[in-house]
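Following: one structure in structure tokens, then a few remarks.
The values are calculated or read from the model by the stated rules, or taken from the named source; none is laboratory data. Only a predicted model underlies this, so the values are computations on that prediction, with no experimental measurement involved. For neighbour counting, all protein chains shown are included, and Cβ atoms are generated from backbone atoms with ideal geometry for every residue, glycine included.
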Amino acid sequence: MYIMVVVYGVFFSCFGPSVKYIFFMEGVHMFKQYEMELAGRTLRVDIGRVCAQANGAALMHYGDTVVLSTATASKEPREGIDFFPLSVEYEEKMYAAGKIPGGFNKREGKASENAILTSRVIDRPMRPLFPKDYRNDVTLNNMVMSVDENCRPELLAMIGSAIATSISDIPFDGPCATTQIGMIDGEFIVNPSQAQWQDGDLQLTVASTKQKVIMIEAGANEIPEDKMIEAIYKAHDINQTIIAFIDKIVAEVGKEKHSYVSCAVPAEMFEAMKQVVSPEEMEVAVFTDDKQTREKNIDAVTEKMKEAFSDNEEWLAVLGEAVYQYQKKTVRKMILKDHKRPDGRAINQIRPLAAEVDIIPRVHGSAMFTRGQTQICDVVTLAPLSEAQKVDGLDENVTTKRYIHHYNFPSYSVGETKPSRGPGRREIGHGALAEKALVPVLPSEEEFPYAIRAVSETFESNGSTSMASTCASCMSLMAAGVPIKAPVAGISCGLITEGDRWMTMVDIQGLEDFFGDMDFKVAGTHDGITAIQMDLKISGLTPEMVKEALAKTHKARNYILDEVMLKAIAEPREELSKYAPKMFTTTIPADKISEVIGKSGKVIKEIQAECEVKVDIEEDGELGQVFVSGIDSDKCKRAIEIINTIAVDPEPGAMYLGKVTRIMDFGAFVEIAPGKEGLVHISQLDVKRTENVTDVVNVGDIIRVKVMEIDDKGRLNLSRRQVLIDVDGLVPENDIDAERAARPRRPHNDRRGGFNRNNRK
């Protein structure tokens, strides 16, 4: 039983929200509830209701979607690390959608791909807002407990993580807020439903601080840059209303931020390092376009400093971080002040590019794309639609994936030695980004009835492998004969800032990504953007930075398309590889599907065995869509013909390919489809007189026949002779009528077969 006390109500105009603060008492337990109107639905936050032992917790409600967001931190820093140990988890509980997990165990197992990608999207805007010298372990956990198809739980988790961290005692320079934008028929939709998100032309997620955009993630159907900018800043404006809402919550229930042990490098150590290795020497060490050479140079620098500081244990403990910071300062100065890049390129110069196709034999499609020391080989495999990936998740609108993009990042690609343990979050994220970039240009299932898998193998890595994967995959799809709507290329844009000064640069390599402030990846066609992913290490971008990055990536991807990719392969091939399955489709009445399948699948198994094909049938209302795939086109066509014969009752005059099943003295029985057999009388076997049936045909032969007659008992009279005359143009050498008159009649009961064995009388 609750006792509800309305403390006060505050109404303000920001995107139309009304904010309400309510105290609830449950026995001696008191909690607060906050509400605001967001995109026409009520966003409700319960603080103090659950998870009192977490540093911060918020029970989030949006429509009937419920997500529990918590933030926890260790009391002491983790020893022996030079990075901030942040973990973000997004847990999909199947009960949230009224489901029991599939499989034997019936317990949620490893995180789904969607959960991993959502965790990454939450991580990217949050991480830059924690202190850079903070080494305490922090975990942000988001548990989806209920799903309303009109309110996406991913969005609620993003907002919930920001609220839980902001009200906690964990040091955090927030809040930040997140809004999603969809687009249907050219109109933007704020925080779209699951269906609007999947079916629309835009899937845009934008996170903001009070001043700037801090994260962008987008999939789009070739949207122009100006339209994308409009959508980004529409989301940014809405984010300001959410931040105002969070600020009021923090003012009411926020905890004082706890103190922590700083892991910053002492300033005097930097001065001492400059005496050991001068800034000019450090520039020489990092100024090379070869990654291995640079690493050897830095190893030598580090050893020199170890010798110099051998008697200072405190400095030796942070030497790795100190060398990192020294490199970072050097690289940033070279770029921002001297307009020099570590590999000697101009600020807007792209590394040397190369592209080629068909480098792997026997696969359905292959291509390799090289950009400097980044090299990706992509292989495409085609399969029947039945091979599409099944998705067991919370979104009822997404149950299968027809296009699957996998990205692999082996240790040898960066000159390291370690065993492969399967894909991590990075691999899954890069594959998903390349997948998102290419999905908008894929043909429909009706145009190209195939499941498609692209695998990007990283041969060498020195920056922006995800965009190289996009380029390689696009060419591989075209080489495989996938009729894409337009070619897609991808490129990254970096950023260096110092106070009010800033500079963007295209095609950043690993070092520039590592020491820079931004990795802004954009993929698209000549006409528009298909995917964006923006990672920041600073507190946000100004509109000018966003516009400049989009303009530079637009120019760069057009150059890559025109000067490199399209010169390697200008358009999708018209024919599939001889090793790829050939796909044929037909439509049959739904009530005939059972006949095609047969009892216990007997008929369809016979068709597949005889024709060496795979047959899949999907029922859609009154129709059944049949998909036949196989390596041999003729055998596929034969299977289609058999299926159509089963589904459509034969009529006099129709021609079929049939298999000879039995030989009699008076003729041969031919099966034109499972369960549909007719007689070719000996007189109808050839254009000349036939003495013995076996002189013309034998059991197992495939012959062309024409339906001459269907008698009153449904039995088929077939003719090979008439096909030879009508189709092949052969001239009859004998008079059938005269010969038939002289030939004794066979007993009526010897004439077996018929148009349908199951209906035989």
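Table: residues versus (1) surrounded by fewer than 18 Cβ atoms within 10 Å (Cβ to Cβ); (2) at pLDDT below 85; (3) under 28 Å from residue 649 (Cβ atoms); (4) hydroxyl-bearing (Ser, Thr, Tyr).
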{"position": "705", "(1), (2), (3), (4)": "no, no, yes, no"}
{"position": "713", "(1), (2), (3), (4)": "yes, yes, yes, no"}
{"position": "718", "(1), (2), (3), (4)": "no, no, yes, no"}
{"position": "724", "(1), (2), (3), (4)": "no, no, yes, no"}
{"position": "729", "(1), (2), (3), (4)": "yes, no, no, no"}
{"position": "735", "(1), (2), (3), (4)": "yes, yes, no, no"}
{"position": "738", "(1), (2), (3), (4)": "yes, yes, no, no"}
{"position": "743", "(1), (2), (3), (4)": "yes, yes, no, no"}
{"position": "752", "(1), (2), (3), (4)": "yes, yes, yes, no"}
In the list 111, 162, 177, 157, which residue meets the criterion of being among the aliphatic types (A, V, I, L, M) and surrounded by fewer than 18 Cβ atoms within 10 Å (Cβ to Cβ)?
111
Filter the range 129-144 for residues that are surrounded by 16 or more Cβ atoms within 10 Å (Cβ to Cβ) and out of contact with any Ser or Thr (no Cβ under 6 Å at 6 or more places or on another chain) and give the result.
129, 130, 131, 134, 135, 138, 143, 144
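A quick yes/no check of all residues on (1) under 25 Å from residue 337 (Cβ atoms); (2) modelled with pLDDT of 95 or more; (3) surrounded by fewer than 24 Cβ atoms within 10 Å (Cβ to Cβ):
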position	(1), (2), (3)
484	no, yes, yes
488	no, yes, no
510	yes, no, yes
531	no, yes, no
Leading residue by the ranking (surrounded by the fewest Cβ atoms within 10 Å (Cβ to Cβ)) among those in the range 408-465 that are more than 24 Å from residue 124 (Cβ to Cβ) and hydrophobic (A, V, I, L, M, F, W, C)
459
Quick check: anything in the range 183-194 in a strand (DSSP E or B), in contact with a strand residue (DSSP E or B) (Cβ under 8 Å, 6 or more places away or on another chain), within 23 Å of residue 492 (Cβ to Cβ) and at pLDDT 95 or above?
no
With touching an Asp or Glu at 6+ places or on another chain (Cβ under 7 Å) and outside the structural domain of residue 445 (by TED's automatic domain parsing) as the only criterion, which of 606, 612, 595, 574 stands out?
612
Do the conditions hold for residue 247, that is, is it out of contact with any strand residue (DSSP E or B) (no Cβ under 7 Å at 6 or more places or on another chain) and closer than 30 Å to residue 209 by Cβ?
yes
Answer yes or no as to whether residue 91 is of a type in the set (D, E, K, R), modelled with pLDDT of 95 or more and assigned to a strand (DSSP E or B).
yes
Considering only the range 132-144, how many residues are farther than 27 Å from residue 112 by Cα and modelled with pLDDT of 95 or more?
1
Screening 626, 615, 603 for residues that are of a type outside the set (Asp, Glu) and over 27 Å from the mean Cα position of the chain (by Cα) leaves only 603
Would you check if there is a residue in the range 558-572 being out of contact with any Leu (no Cβ under 6 Å at 6 or more places or on another chain), closer than 30 Å to residue 484 by Cα and free of Cβ contacts under 8 Å to residues at least 24 places away in the same chain?
yes
Restricting to the range 624-640, name every residue that is closer than 14 Å to residue 579 by Cα and either assigned to a strand (DSSP E or B) or not assigned by TED's automatic domain parsing to the domain that holds residue 596 (or both).
629, 630
Residues of the range 288-313 satisfying the condition of being free of Cβ contacts under 8 Å to residues at least 24 places away in the same chain, in contact with a helix residue (DSSP H, G or I) (Cβ under 9 Å, 6 or more places away or on another chain) and either more than 30 Å from residue 412 (Cβ to Cβ) or of a type in the set (A, V, I, L, M, F, W, C) (or both):
300, 307, 310, 312
Would the range 464-485 turn up any residue that is free of Cβ contacts under 8 Å to residues at least 60 places away in the same chain and over 16 Å from residue 530 (Cα atoms)?
no
Just checking, which of 648, 628, 596 is more than 23 Å from residue 448 (Cα to Cα), buried (at least 21 other Cβ atoms within 10 Å of the Cβ) and of a type outside the set (D, E, K, R)?
596
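Among the residues of the range 124-141, are any over 19 Å from residue 399 (Cα atoms), of a type in the set (D, E, K, R) and in a strand (DSSP E or B)?
So far as the range 124-141 goes, yes, one or more of its residues are over 19 Å from residue 399 (Cα atoms), of a type in the set (D, E, K, R) and in a strand (DSSP E or B).
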Filtering the range 388-403 down to residues that are farther than 18 Å from residue 144 by Cα and in contact with a Ser or Thr (Cβ under 9 Å, 6 or more places away or on another chain), which residue is surrounded by the fewest Cβ atoms within 10 Å (Cβ to Cβ)?
390
Do we have any residue at all in the range 267-290 that's surrounded by fewer than 16 Cβ atoms within 10 Å (Cβ to Cβ) and of a type in the set (S, T, N, Q)?
yes
Taking the condition at pLDDT 90 or above, surrounded by 14 or more Cβ atoms within 10 Å (Cβ to Cβ) and among the polar types (S, T, N, Q), does residue 325 pass?
no
Note on the range 566-599: residues among the polar types (S, T, N, Q) and not in a strand (DSSP E or B) are 577, 594
Can you tell me which condition residue 239 does not meet? The list is (1) without any contact (Cβ under 8 Å) to a residue 40 or more places away in the chain; (2) within 30 Å of residue 32 (Cβ to Cβ); (3) assigned to a helix (DSSP H, G or I), and all the others hold.
(1)
Between a first residue in the range 419-442 that is over 25 Å from residue 529 (Cα atoms) and a second residue that is modelled with pLDDT of 95 or more and among the hydroxyl-bearing types (Ser, Thr, Tyr), which pairs have beta carbons less than 9 Å apart while being 6 or more apart in sequence or on different chains?
423/407
Quick check on the range 632-640. Is at least one of its residues hydrophobic (A, V, I, L, M, F, W, C), crowded, with 20+ Cβ neighbours inside 10 Å and closer than 21 Å to residue 222 by Cα?
no
Hey, residue 242 surrounded by 16 or more Cβ atoms within 10 Å (Cβ to Cβ), of a type in the set (A, V, I, L, M) and farther than 25 Å from residue 133 by Cβ or not
yes
Answer yes or no as to whether residue 525 is buried (at least 18 other Cβ atoms within 10 Å of the Cβ) and of a type outside the set (D, E, K, R).
yes
